[in-house]
There are 4 protein chains.
Amino acid sequence: MNRRDKAFVAVAAELVEAARLFGGRGWALATSGNFSARVGERAVAITRSGCDKQQLLPDDLVLVNLDGGALDPPDARPSAEAAIHGQLYRRRVSVGAVLHVHSPAATVMSRLCEPEGAVVLSGWEMQKGLAGVLTHEQIVRIPIFGNTQDVASLAAVVGDHVTAHPEHPGCLIAGHGIYGWGASVTEARCHIEALEFLCECEWRLRAAAVPDGDRK
Amino acid sequence: MNRRDKAFVAVAAELVEAARLFGGRGWALATSGNFSARVGERAVAITRSGCDKQQLLPDDLVLVNLDGGALDPPDARPSAEAAIHGQLYRRRVSVGAVLHVHSPAATVMSRLCEPEGAVVLSGWEMQKGLAGVLTHEQIVRIPIFGNTQDVASLAAVVGDHVTAHPEHPGCLIAGHGIYGWGASVTEARCHIEALEFLCECEWRLRAAAVPDGDRK
Amino acid sequence: MNRRDKAFVAVAAELVEAARLFGGRGWALATSGNFSARVGERAVAITRSGCDKQQLLPDDLVLVNLDGGALDPPDARPSAEAAIHGQLYRRRVSVGAVLHVHSPAATVMSRLCEPEGAVVLSGWEMQKGLAGVLTHEQIVRIPIFGNTQDVASLAAVVGDHVTAHPEHPGCLIAGHGIYGWGASVTEARCHIEALEFLCECEWRLRAAAVPDGDRK
Amino acid sequence: MNRRDKAFVAVAAELVEAARLFGGRGWALATSGNFSARVGERAVAITRSGCDKQQLLPDDLVLVNLDGGALDPPDARPSAEAAIHGQLYRRRVSVGAVLHVHSPAATVMSRLCEPEGAVVLSGWEMQKGLAGVLTHEQIVRIPIFGNTQDVASLAAVVGDHVTAHPEHPGCLIAGHGIYGWGASVTEARCHIEALEFLCECEWRLRAAAVPDGDRK
C-alpha cells in the first residue's frame with residue numbers, strides 16, 4: 001500500500017474537498033484541524049502537520065498506520081493528533097473517516113458547558129443529522145473531554161468513550177473543537193456540520209440572554 | 001411527464017441554483033433542507049432525501065405527485081418532508097415553489113418565540129420582501145408551528161394554515177427552520193431571504209440585551 | 001444619452017461589481033438595496049426595481065433623470081427609491097454614486113439608536129474610511145432618519161440634511177439600512193463598508209453586555 | 001533592487017494571496033489594512049495607500065526602505081503605516097512579513113480589554129497557532145496599545161515592545177485591529193488567523209453573558 005494506490009487517491013480527493021469546504025468557512029484557521037479516512041484495514045490517509053486546510057492539496061495527505069506512524073512517505077510528519085484518529089479506527093471497524101475542526105461555535109460551547117461535561121441538545125430537528133438520532137425529542141448528550149497536550153492519553157479517553165458508546169458520532173474537546181466520525185467522509189462531514197450548527201443555535205440562545213428556566 | 005420533460009429540466013435548474021446559493025450560506029448543512037417546484041398541475045420536482053444541498057446536482061431532483069409519491073425514477077426516495085410540500089401545492093394552486101432551510105437565525109427565533117406562537121415583526125423595511133406587505137408599519141406575524149416527526153400531521157397543520165391565511169408567504173417550525181413558498185422559485189427564494197434576514201435582525205436586537213419595553 | 005453610451009456602460013460595470021460584492025455578503029437579500037451612479041449632469045444609471053443584487057446583470061441598470069423618471073428604456077421601472085438618489089445628485093454636484101444596502105449590523109443599529117437620532121462613533125480607526133474624518137478621536141454622528149413609505153418626503157429629509165451637512169458620507173434610515181454616497185462608485189463602496197463595519201463593532205460591544213458607563 | 005526583482009515578484013504574489021483571502025473574509029473593508037514582506041535586508045514590499053485589499057493586484061505593491069520611504073516607483077505612496085512595519089523589520093531581523101487587518105472580533109476585543117492593556121488567553125488549543133506557545137495551559141497576553149494618529153510614536157511603541165518581548169507574534173491597537181508578523185507571509189497569516197479566532201471565541205464567551213467568576 002502506498003500513496004499511488006487507487007484507494008488512497010480516492011479518499012485523498014474526498015478529504016481535500018472536505019478540508020477546503022470547512023477551511024473556507026473558517027473552521028480550520030491557522031493550520032488547525034486534521035482530516036483522515038481509512039484506506040483498508042490497517043492504514044489511514046491523514047493530513048500532514050502544519051498545512052493550510054483552505055488550500056489543501058492531495059500531496060498534503062500522507063499514509064500512516066493505526067498508531068499514526070508514517071508509511072508513505074516514510075519521513076512524513078503526520079498530524080500531531082494522528083493517535084486520536086488511530087484509536088477511533090482501531091476501536092470501531094465501522095469508522096471510515098475522522099474529521100477534526102476548530103469551528104467557533106463548538107469551540108466556545110465546549111468551554112461554556114465544560115462543567116457539565118456535555119452539550120445537551122433537545123428540540124432541534126438538526127439532531128437527526130447525527131447517526132442514530134431519529135427525533136428532535138431525543139435528548140442528545142455530546143460529550144466534552146478535558147483538553148491535554150498528552151495526545152496518547154486524550155486518544156485513550158476518546159477511544160474508551162467510543163467503545164462504551166459505539167453509537168456516538170462525535171465529541172468535543174474543551175477549548176479545542178469537534179471530533180466527528182462516520183462510515184465515510186460524507187457521513188463524517190454531515191456529523192461535523194450538524195454539531196457545529198447545533199452549537200451555533202445553542203450559543204445564540206445563550207447570547208439572547210434567555211435564562212435557562214425560561215427556555216422551552 | 002418524466003424527468004426529461006422540458007418543464008422539469010427548467011425548474012430543476014432553478015432549484016439547483018437556489019440550493020447551492022442557500023447551501024453556500026450555511027442554511028442547509030448536514031443534508032438538511034429540501035427544495036421543490038411545481039411541474040404542471042399534478043407533479044412536483046423535489047430534492048431526494050439525504051443529498052448535500054451545497055453541491056446539489058440536477059440528478060438529485062426527482063419527480064413526485066402531490067402526495068409525495070415517486071413518479072420518476074419510480075424507485076426514488078424523495079425528501080421525507082415531501083408531504084408538507086404537497087399540501088401547499090394542493091391547497092394553493094398559485095404556489096409554484098416551496099423551499100425549506102435550516103438557517104441559524106430563523107431556527108433560533110423559532111425556539112425563542114415558540115411560546116407566543118409567532119415571530120412578530122414591525123418597523124423593518126425588509127418586511128416588504130414578503131408578498132402582500134406594503135409598509136414597514138404593518139405588524140407581520142410569522143407563525144411558528146410545533147415540530148413533530150409525524151410528517152402527515154405537520155403537513156395538515158401547515159396546509160390548514162395556508163387555507164385560512166392564503167396571503168402568508170411562509171412559516172417557521174419550532175427548532176426546525178423556515179418553510180417559504182411563492183408563485184415561482186424566485187419569489188420563494190425572496191421570501192426565505194427576507195424571513196432569515198428579519199429573524200437575524202430580531203435576534204441581534206435580543207442579543208444586544210435591549211429589554212422589550214425599551215424597544216422602539 | 002442612452003444605455004449604449006460609453007459613460008453608461010462604464011458605470012454600469014462598476015455598479016454590477018459593487019452589487020455582486022455586497023449581494024454576496026448578504027447585504028442586499030430578497031431584492032433589497034439599490035445602486036446608482038451619475039452619468040453626466042442630468043442622468044443617472046440605477047438598478048431597476050426587484051432584481052437580485054447578488055446576480056445583477058448590466059441589463060438590470062436603467063437610465064433615469066434626476067427625478068427618477070425613466071429615460072432608457074422608456075418603460076423601465078427604476079428602483080422605487082430613485083427619488084432619494086436623485087435628491088443627492090441634485091443637492092451635491094460632487095456626488096457621483098449612491099449605494100443603499102440592507103446590511104444586518106447597520107439595520108439593527110438604526111433601530112437600537114433611533115431614539116438618539118444617530119449612531120455616535122468614536123475611538124475606531126475605521127472612522128477614517130469616511131471622507132473628511134482624519135482621526136479616530138473625532139466624534140462622528142451618523143444620522144438616523146425615521147422610515148416612511150412616502151419616498152418623496154424621505155428624499156426631501158435626506159436632501160435637506162446633505163445640504164446642511166455637505167461633508168456627511170452617508171446616513172441610516174431606521175429599520176431600513178444604509179445610504180452611502182461619494183464622488184465615485186469606489187468611494188461610495190468604501191463608505192458603505194466603513195459604516196457597516198463600524199455598526200458591527202458597536203453592536204458587538206452592546207452584545208458583550210458592556211454597560212455604557214464602563215466603556216472606554 | 002526594483003519591482004522587477006525576482007524576490008519582489010515572489011513576495012508580492014504571496015501578499016496578493018493573503019490580502020485577497022483576508023479581504024474576502026471582511027477583515028480589510030473600506031481599504032483598511034496593510035500588508036508587507038521583507039525583500040532582502042534593507043527593503044520591503046508593502047501595499048500602497050488606499051487600495052481595495054479584496055481585489056489587490058501585484059501593481060498595488062510598492063518597494064520601500066525600512067523607514068517607509070518609496071524606492072520603486074519613486075513617487076509611490078506606500079501605506080500610511082509603513083513606519084510601523086519598518087520598525088518590526090529593523091528591530092527583528094527574523095521578521096519576514098507583517099500583516100495588519102481590521103477584523104471585527106479583534107477590533108472589538110481591543111476596546112473591551114483596553115483597560116487591562118491586553119487580551120489574556122488561556123485554555124484554547126488555538127493558542128498553539130502562535131509561535132512559541134506549546135500548550136493551551138499557557139497564559140498568553142496579547143498586548144493592546146493605545147491608538148494614535150502619530151504613526152512614528154505608534155511605531156516606536158510597537159518596536160520597543162518587540163525588542164522587549166521578541167517572542168511575541170502580534171499585538172492589538174485599540175479600536176484599530178491586529179498587527180501580526182512572522183518569519184514568512186505564511187507564518188504571519190497563521191498568527192493573524194489564530195489571533196482573530198481567539199478574539200472571536202473570547203467575544204462569544206462574553207456575549208453569552210457568562211460572568212467572569214463563573215468561567216472555567
Just checking the output field for A:185-196: average partner chain Cβ neighbours within 10 Å of each residue's Cβ? 3
Based only on Cα atoms, what mean projected area does the convex hull of chain A have, in nm²? 11.2
Can you list the copy-to-copy distances for C:Arg4, using a point 7 angstrom from Cα toward Cβ, in nanometres, shortest first? 4.3, 4.3, 6.1
Mean shadow area (nm²) of the C-alpha convex hull around the range C:23-133 is 8.2
Just to confirm the numbers: B:Arg90, label point 7 angstrom along the Cα-Cβ line, distances to the other copies in nm, shortest first? 5.6, 5.6, 7.9
Label-point gap, in nm, between B:Thr163 and C:Ala152 - each point 7 angstrom along Cα→Cβ: 4.6
Closest to the C-onto-B rotation axis, which residue of chain C has its Cβ, and how many Å off the axis is it? C:Ala207, 3
For the pair B:Lys6 and D:Arg90, the simple spin-label estimate (label points 7 Å beyond Cα toward Cβ) gives in nm 7.4
Per-residue ³J(HN,Hα) for the range C:174-184, Karplus 6.51 cos²θ - 1.76 cosθ + 1.60, θ = phi - 60°, Hz, x for Gly and Pro: 4, x, 10, x, 9, 10, x, 9, x, 5, 9
Computed helical MRE - 222 nm, the protein assembly as shown, DSSP H runs ≥ 4 contributing -39500 (n - 2.57), nearest 500: -11500 deg cm²/dmol
Given unit charges at Cβ for Lys, Arg (+) and Asp, Glu (-), the dipole magnitude of the range C:99-210 about its Cα centre in debye, nearest 20, is 160
What does the copy distance list look like for C:Thr163, label position 7 Å along Cα→Cβ, in nm and ordered from shortest? 5.8, 5.8, 8.2
Exceeding 29 Å between C-alpha atoms, which entries from my cross-link table qualify? They are C:Lys128/D:Lys6; C:Lys53/D:Lys53; A:Lys6/B:Lys6; B:Lys53/C:Lys53; A:Lys53/D:Lys53; A:Lys128/D:Lys128. C:Lys128/D:Lys6; A:Lys6/B:Lys6; A:Lys128/D:Lys128
Just going by the charge dipole of chain C, with Lys and Arg at +1 and Asp and Glu at -1 on Cβ, which of C:Val39, C:Gly50, C:Met126 is farthest out on the positive end? C:Val39
Beta carbons within 10 angstrom, averaged per residue: use that to sort the peptides A:55-65, B:70-80, highest first. A:55-65, B:70-80
In a shell of Cβ-Cβ distance under 9 Å around C:Gly23, excluding C:Gly23 itself, what net charge do Lys and Arg (+1) and Asp and Glu (-1) give? +2
Report, in debye and to the nearest 20, how large the dipole of the range A:28-135 comes out about its Cα centre when Lys and Arg carry +1 and Asp and Glu carry -1 on their Cβ. 260
Within 10 Å of each Cβ in A:25-37, how many Cβ atoms from other chains are there, averaged over the peptide? 4
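Counting only other chains, and only Cβ atoms inside 10 Å, what mean value do you get across the residues of A:105-112? Write down the numbers at each step before the final one.
Working: counts 4, 0, 8, 10, 2, 4, 10, 7.
Partner Cβ neighbours, averaged per residue: 6.
Each value in this text was obtained by applying a stated rule to the coordinates, not by laboratory testing. Remember, it's a predicted structure, so these values are computed and weren't measured experimentally. Ideal geometry is used to build each Cβ from the backbone, glycine not excepted, and the neighbour counts take in all protein chains shown.
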